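What follows is a short report on a single structure.
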Amino acid sequence: MSSRRPSPAPEHLHLDAQLCFALYASSLAMTKLYKPLLAPLGLTYPQYLVMLVLWEADDRTVHELGELLQLDSGTLTPLLKRMEAAGQVSRHRDPADERRVRIRLTPQGRALRRQAQGVPSQVLCQAGIDGSELAALRAQLHALRERLQPHNT
């Protein structure tokens, strides 16, 4: 039996040449950076994203949260149930349409906002990113997402 090594892949097929891997690895690294900052708040990274949306405007439907966070209800519903069990949010049927579930901050969830005030600056500091670099990177990523979205519908 011959153990032939495959011929080397062209350079454009190397892992480090892939934009998708750079984004994926960066996302994992960012999530790991947030973990110890969010632990004292009792939040996971996805829960923190939900809280950010609710701190902007409370009393949203699950559908609205899903659209803003780009999460499906199968992912979002268990996450919201855990947040409700932790006392951070409440879930209620919409009186105008019983099919819709509305999510509201509890007093505990509102209080977390004060505790989370320093998280964004801590992330930037630990990542070594200044304000102008952040603005440029965020703009590039938003533009990339906009270009990719027509391909994901």
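Looking at (1) surrounded by 10 or more Cβ atoms within 10 Å (Cβ to Cβ); (2) part of a loop (DSSP other than H, G, I, E, B), can you tell me which one Pro6 breaks?
Just one mismatch for Pro6, condition (1).
Got a sec? Which helices (runs of 4 or more DSSP H) wholly within the range 38-103 have at least 2 residues that are in contact (Cβ under 8 Å) with a residue 40 or more places away in the chain and buried (at least 17 other Cβ atoms within 10 Å of the Cβ)? Even if it seems obvious, please write down each step before you answer.
Numbers: elements: 45-56, 62-69, 73-85.
Output list reads 45-56.
(1) more than 16 Å from the chain's Cα centre (by Cα); (2) within 30 Å of Ala116 (Cα to Cα): which one isn't true of Ser7, the others all being true?
Unmet for Ser7, out of (1) more than 16 Å from the chain's Cα centre (by Cα); (2) within 30 Å of Ala116 (Cα to Cα): (2).
Given the options Ala39, Ala9, name the one that is closer than 23 Å to Val123 by Cβ and small (Gly, Ala, Ser).
Ala39
May I ask you to list the residues in the range 112-122 that are within 14 Å of Leu52 (Cα to Cα) and surrounded by 12 or more Cβ atoms within 10 Å (Cβ to Cβ)?
Result: Leu112, Arg113, Gln115, Ala116, Val119, Pro120.
Listed residues Leu49, Leu54; which is modelled with pLDDT of 95 or more and closer than 22 Å to Ala127 by Cα?
The match here is Leu49.
State whether the residues of the range 19-31 include one that is in contact with a Gly (Cβ under 9 Å, 6 or more places away or on another chain) and on the phi < 0 side of the Ramachandran plot. Step through it out loud before you land on a result.
Of all residues in the range 19-31, those in contact with a Gly (Cβ under 9 Å, 6 or more places away or on another chain) come to none.
No - not one qualifying residue is present in the range 19-31.
With respect to Glu133, is the statement that it is assigned to a helix (DSSP H, G or I) and modelled with pLDDT under 95 true? Working first, answer last.
On the way: assigned to a helix (DSSP H, G or I): yes; modelled with pLDDT under 95: yes.
Taking the combined requirement at face value, the residue satisfies it.
The values are calculated or read from the model by the stated rules, or taken from the named source; none is laboratory data. Remember, predicted model here, so these are calculated numbers, not experimental data. All Cβ positions, glycine included, derive from the backbone under ideal geometry; neighbour counts span all protein chains shown.
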